[in-house]
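Contents: one structure, followed by commentary.
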């Protein structure tokens, strides 16, 4: 009596041999379980989709992407040092990645433009804000601080100028919103 197990094993062995032969034919190195992944990643290329630009992506392939214009907006001040540092930390990281970044501060966030405050603000797990601001300045990231917010908190133009920052206004805010591809509020 034939229970079908023998035929199943023969069919499986035949399929595996066919896959390995096919893999060798198209130049995929034999390497145990990785052969499936390699084979599957080549299927679009094999059936002609590579010509149409629909080929499977490889995580290690360089992708070209358009640099974005990003506006960072924050109202967090020294009362929460980590949140106060985020627009500068993330803005710097985005600039490092090739994006154009501008930062707009309002409310309590303008107080971090004072050197004494920036030096005292130490976010959890990060260097003091003054060090991050130095990196932001080196990347030529423009910082705007709401003018009315600065006047209300005694932040002077000399506080801003040490970081290359400028007074902002509602008009500047609107122009940044219109300029930006992305707006990040932190």
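Only one entry of 138, 156 meets the criterion of being closer than 15 Å to residue 112 by Cα, surrounded by fewer than 20 Cβ atoms within 10 Å (Cβ to Cβ) and modelled with pLDDT of 95 or more, and that entry is 156. Taking residue 172, is it modelled with pLDDT of 95 or more, assigned to a helix (DSSP H, G or I) and in contact with a strand residue (DSSP E or B) (Cβ under 6 Å, 6 or more places away or on another chain)? Yes: the conditions hold for residue 172.
The values are calculated or read from the model by the stated rules, or taken from the named source; none is laboratory data. In this text the structure is predicted, and so the values were computed from the model without any measurement. Please note: Cβ atoms are built from the backbone with ideal geometry, for glycine as well, and neighbour counts cover all protein chains shown.
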